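To start, the structure itself, in structure tokens.
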Amino acid sequence: MKELLKRIKEKSRKIWEIIKKPTAKYSMGALVGGGMITGVVLWGGFNWSMELTNTETFCISCHEMRVNVFEEYKNTIHYNNRSGVRATCPDCHVPKEWHWKVLRKIKATNELYHKVLGSVNTKEKFNAKRLQLARNVWKTMKDTDSRECRNCHDFESMDYTLQGRRAIQQHIKGFDKNQTCIDCHKGIAHSLPAMYEVDPSTAIGPAEED
């Protein structure tokens, strides 16, 4: 045991000597300290950039978004409602959890690629691809169990007494079938593609009344 402690002590002493040992200009300690400061600055800059690109202002700085889906969104209950609570682009399209947010930002580079190509830079091009774009978003929401919807909406917090009769029935039915929000609530923040047919037995509006 004494021999083991002696070896540990000796190893620790050698490591400390390496840290104190100067390089051509700076000590190892100064280099480590400088590296830590640089890391903090880079990490802070990365997070700052993440938040800068996670605002509605940034989202609609893109012509394709501003003149198409954003104009539609301004006429919905998610933008203007009696409670004064507004869901912005990132609220619905970017996860809150950090690791999922980073993954979403990485995937978003594909959108930059198509921005350069001009894939949907006119209303005609946008409408031609609208169904495909919508299905991509719906699939993502389905795969994540409408994760971003649940940033604001929670099944367990619902007060059925404040809901319309049909909404109550549909919600209970949906829970029993393990459905997720997007299974029924399509087209409440953006217009449905012209080629998409709504199933009237499942479609529920954002503020349906009896």
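Mind listing whichever residues of region 33-76 are polar (S, T, N, Q) and either within 30 Å of residue 125 (Cα to Cα) or in contact with a Cys (Cβ under 9 Å, 6 or more places away or on another chain) (or both)? Those that are polar (S, T, N, Q) and either within 30 Å of residue 125 (Cα to Cα) or in contact with a Cys (Cβ under 9 Å, 6 or more places away or on another chain) (or both): 53, 54, 55, 57, 61, 68, 75, 76. Among the conditions (1) under 21 Å from residue 190 (Cβ atoms); (2) out of contact with any Phe, Trp or Tyr (no Cβ under 9 Å at 6 or more places or on another chain); (3) in contact (Cβ under 8 Å) with a residue 12 or more places away in the chain; (4) of a type in the set (Gly, Ala, Ser), the only one that residue 164 does not satisfy is (1).
Scanning for something β-branched (Val, Ile, Thr), within 15 Å of residue 188 (Cβ to Cβ) and over 20 Å from the mean Cα position of the chain (by Cα), does region 84-107 turn up at least one residue? No, every residue in region 84-107 fails to be β-branched (Val, Ile, Thr), within 15 Å of residue 188 (Cβ to Cβ) and over 20 Å from the mean Cα position of the chain (by Cα).
In the condition set (1) modelled with pLDDT under 90; (2) within 21 Å of residue 74 (Cα to Cα), residue 127 is compliant with all but (1). Condition test on residue 54, is it outside any helix (DSSP H, G or I), touching a residue at least 24 places away in the same chain (Cβ under 8 Å), over 16 Å from residue 152 (Cα atoms) and out of contact with any His (no Cβ under 9 Å at 6 or more places or on another chain)? Here the answer is yes, as residue 54 does meet what is asked. Scanning region 57-78 for residues that are among the hydroxyl-bearing types (Ser, Thr, Tyr) and free of Cβ contacts under 8 Å to residues at least 24 places away in the same chain yields 57, 61.
Among the residues of region 163-178, is any closer than 18 Å to residue 69 by Cα, in the same structural domain as residue 68 (by TED's automatic domain parsing) and not in a helix (DSSP H, G or I)? If you could, list the steps in order and put the result at the bottom.
So the first thing to find is which residues in region 163-178 are closer than 18 Å to residue 69 by Cα, and the list is none.
Taking every residue of region 163-178 in turn, none turns out to be closer than 18 Å to residue 69 by Cα, in the same structural domain as residue 68 (by TED's automatic domain parsing) and not in a helix (DSSP H, G or I).
For region 123-153, filtered to residues that are loosely packed, with under 13 Cβ neighbours inside 10 Å and among the polar types (S, T, N, Q), the residue that is nearest to the chain's Cα centre (by Cα) is 136.
Of the residues making up region 133-166, those that are of a type in the set (D, E, K, R) and on the phi < 0 side of the Ramachandran plot are 135, 139, 142, 143, 147, 148, 150, 154, 156, 159, 165, 166.
The values are calculated or read from the model by the stated rules, or taken from the named source; none is laboratory data. This is a predicted model, so every value here is computed, not measured. Using ideal geometry, Cβ is built from the backbone for each residue, glycine included, and neighbour counts are taken over all protein chains shown.
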